Amino acid sequence: MSNLTQNFANPNSQPLTIGDYSIRQDEDGRYCLNDLHKASGNDQKHFPAYFLRNQQTKDLISLIESENYDMQICISKKQAVNTVKGKGKEQGTYVVKELVYAYAMWISAKFHLQVIRAYDAMVMQFRVKARQAISPEQQALLHEIVARRSKGERKIFAEMWARHNRHFKIPRYAELLEIHFPEAVHYLETMELKAKIVEPKQDLIAQDHQ
């Protein structure tokens, strides 16, 4: 799967916006405490480092990470806290959603309520967007997958689109809902094709060269 396909198939979450600040996320979806600190008023006594040194915070982190622990493969699925150093704009301390709420509560009841409402608004926006049809760029990506896999065979091309539309119960692929786009990418990439690509016969190739 190409990088372009991966980017569209795994879209980043809607940005969490608090006031004039957009809270950055790392590649695993954790939120930047440094941005939250700025959004809260940038008071020195509320530095993220002070919050993370708090014993109650440490206990919460341990509990979150113990629940994420998979005993079958014996590795942590996702750390609750991720510190990024020396990467320019990406640097900062990133935490899971539960710690975002805990940090906001630690600062003040007012900021805690502000964060809760901002997160609820973000989720609502995502749900509304998810009911929209896929974008022209996403349509083009699905078309590229079908064209690549069918290799010019019209029967395969038609089969893939017919099965895709039937699978998602839509009259044409442009009406696919955005929420189903990652599934559509996977479905088309892994579809076991019934029609076969016709290879040119060797004797006909030989005749053409005589």
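What follows is calculated from the coordinates using simple rules that are stated; it is not laboratory data. These numbers come from a predicted model, not from an experiment. Every residue, glycine as well, gets a Cβ built from its backbone with ideal geometry; the counts of neighbours run over all protein chains shown.
Local charge sum around Phe47 (other residues, Cβ-Cβ under 15 Å, Lys/Arg +1, Asp/Glu -1)? Computed value for this residue: +1.
Each part gets one Cα centre, and for region 23-71 versus region 81-150 those centres are 16 Å apart. Pairs spanning more than 28 Å between alpha-carbon atoms, out of Lys38/Lys85; Lys129/Lys169; Lys45/Lys110; Lys45/Lys85; Lys45/Lys89: none are present.
Within 12 Å, Cβ to Cβ, of Leu16, how many net charges do the neighbouring residues add up to if Lys/Arg are +1 and Asp/Glu are -1? Walk me through the intermediate numbers first.
Values: positive: Arg24, Arg30, Lys97, Arg117; negative: Asp35, Asp120.
With Lys, Arg at +1 and Asp, Glu at -1, the net is +2.
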